[in-house]
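Engineer: Mind looking over this structure? Questions follow.
Any read-out appearing in this document is the output of simple, stated calculations on the displayed coordinates, not a laboratory observation. All values reported here derive from a predicted model rather than from experimental measurement. For neighbour counting, all protein chains shown are included, and Cβ atoms are generated from backbone atoms with ideal geometry for every residue, glycine included.
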Amino acid sequence: MRVLVLGANGMLGSDLVRILSERNHKVTAFASKDLDITDERAVREHPALSKKNQEWVINCAAYTEVDRAEEEPEIARDVNEEGVFNLAARLERGPRFFHFSTDFVFDGTKGSPYIESDPICPLGEYGMSKAEGERYAEAMTEDAIIFRTSWLYGPNGKCFPRTIIQAHDAGKTLRVVNDQVGCPTYTVDLAVACAEAIEQHLSSGIYHACGQEAMSWQSFAGQILEAWTDHPVEIEGISTSKYPTPARRPAYSVLDTSKLAATGIAPWRPTTECLADFCSRLKST
């Protein structure tokens, strides 16, 4: 199929371009310099977004700096809200629209895995901007697919595993939050899920798409460093209250993926296997 990937040089976009190309799709890869989604006129007039040129437009472009969004909310909204509005308006009767959202649309108080129909209640500017982007994508296009994902990491960008590995290698004392729980998601597995979704022409709607293992940041950090060093590394667990950040984060943002799994799309490998692949790719760069 003919697929345009926006945000193609980002952490998810780079793996998505690779996976789609390996599966013999005709991929057009756009970085932000190729098309600024916040520029309404550029989006409206760009020929690459036309139905005759593409069957799918996959939006990996996003503002993801959760804490900085509290200081510069207008920039987060420009990308995550207005950018999606521009795309949805352009694609109203064009190629199918594929968009990514986040577990941060929830407040983390449910205490059990969130399903797609649960009420959203974001705690900060980042989550609010992504929630509005979801609304635009779903309301303005006839058949958009929205994947909510969580705790995304990959070797081609800034992410928690890279930060933990760098801190460890620099000899820093490691103190990691142990009372926030979510599902780490590897970009490669998410890219495969996306490829399978377009290949089977998945029905429109919101789907939860993430790794299958719920854990705390402390537990995740321990698995990261064991994969990196081949031996356990001691990490001190601390409460969120002892590690204040500008943005509030959901304490429990585990996503239930049974809706997506019922379609046959379930490429999620164990976290240990994903981390082994992540570390191997990181060491080879």
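Engineer: Consider TYR207 carefully, then state whether it is surrounded by 18 or more Cβ atoms within 10 Å (Cβ to Cβ) and touching a helix residue (DSSP H, G or I) at 6+ places or on another chain (Cβ under 9 Å).
Structural biologist: Considered against the rule, which asks whether it is surrounded by 18 or more Cβ atoms within 10 Å (Cβ to Cβ) and touching a helix residue (DSSP H, G or I) at 6+ places or on another chain (Cβ under 9 Å), TYR207 comes out as yes.
Engineer: Quick check, is SER129 over 30 Å from ASP230 (Cβ atoms) and in a loop (DSSP other than H, G, I, E, B)?
Structural biologist: When the stated conditions are applied, SER129 does not pass them.
Engineer: I would also like to ask the following. Would you pick out the residues in the range 1-42 that are closer than 18 Å to TYR186 by Cα and small (Gly, Ala, Ser)?
Structural biologist: Hits for the range 1-42 are GLY7, ALA8, GLY10, GLY13, SER14.
Engineer: Another one. Where residues in the range 10-29 are free of Cβ contacts under 8 Å to residues at least 60 places away in the same chain and within 16 Å of ASN156 (Cα to Cα), which of them is surrounded by the fewest Cβ atoms within 10 Å (Cβ to Cβ)?
Structural biologist: Ranking the candidates gives ALA29 first.
Engineer: Here are some conditions: (1) part of a loop (DSSP other than H, G, I, E, B); (2) of a type in the set (Lys, Arg); (3) under 30 Å from VAL3 (Cβ atoms). LYS172 meets all but one. Which one does it not meet?
Structural biologist: Checking LYS172 against (1) part of a loop (DSSP other than H, G, I, E, B); (2) of a type in the set (Lys, Arg); (3) under 30 Å from VAL3 (Cβ atoms), the one that fails is (3).
Engineer: Looking only at the range 172-193, count how many residues are touching a strand residue (DSSP E or B) at 6+ places or on another chain (Cβ under 7 Å) and closer than 15 Å to THR102 by Cβ.
Structural biologist: Residues flagged as touching a strand residue (DSSP E or B) at 6+ places or on another chain (Cβ under 7 Å) and closer than 15 Å to THR102 by Cβ within the range 172-193 amount to 6.
Engineer: Specify the residue that is farthest from the chain's Cα centre (by Cα); the eligible residues are those in the range 99-112 that are crowded, with 24+ Cβ neighbours inside 10 Å and farther than 16 Å from LEU123 by Cα.
Structural biologist: HIS99
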